[in-house]
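Below is one structure, written out as structure tokens; the observations come after it.
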Amino acid sequence: MYKIEKKDFGFKLTFAGEVGEKELLEWVEKSKVQLENYQNEFGVYVDLTNLKPIQSSDINHFRTGQQLYKDKGMVRSAVILKGAITTLQFREIARKSEIFEGERYIDAEKYPDWENIAVKWVKDGVEPY
């Protein structure tokens with residue numbers, strides 16, 4: 001399952017459960033539509049707290065989506081995670097899509113106020129920790 005929501009700072013993306021190729025391709029296409037006429041710099045908040053580890057064959061689809069957001073003006077992103085495998089996967093995806101520098105990873109199990117921390121980074125550039 002995935003969801004794209006427009007926010008005052010840009011976008012909130014939510015991925016949960018098992019997300020496969022079909023859904024990821026749909027997410028990329030719907031993201032293109034959302035970003036089509038977007039001309040401002042923006043931030044992205046990504047909630048992966050309920051996402052199961054992704055298949056290695058689907059990693060490129062996440063990378064394609066991240067690159068799309070970056071190319072359209074994303075300057076900062078915050079990724080909320082639970083679990084070592086998913087965290088490692090998304091750090092590697094970010095490195096390969098060249099968004100790693102502006103991305104912060106927040107462990108939902110370590111920081112109970114993770115949503116507020118993420119929004120402060122995305123919206124105002126306040127370092128999470």
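Express in % the proportion of alpha carbon pairs of the stretch 73-129 at distances exceeding 17 Å.
Values: 565 of 1596 pairs.
I get 35 percent for the Cα pairs in the stretch 73-129 exceeding 17 Å.
If you wrap the Cα atoms of the stretch 33-116 in a convex hull and average its projected area over all directions, you get 5.7 nm². When each of the peptides 31-41, 73-83 is scored by how many other beta carbons lie within 10 Å of its residues on average, the order from highest to lowest is 73-83, 31-41. Relative contact order, percent, of the chain when contacts are C-alpha pairs under 8 Å separated by at least 6 residues? Relative contact order of the chain: 24 percent.
Only the coordinates and a few stated rules stand behind these numbers; no lab work does. What you are looking at is a predicted structure, and each value in this text was computed from that prediction instead of being measured. Methodologically, a virtual Cβ is constructed for each residue, glycine included, from the backbone with ideal geometry; neighbour enumeration extends over all protein chains shown.
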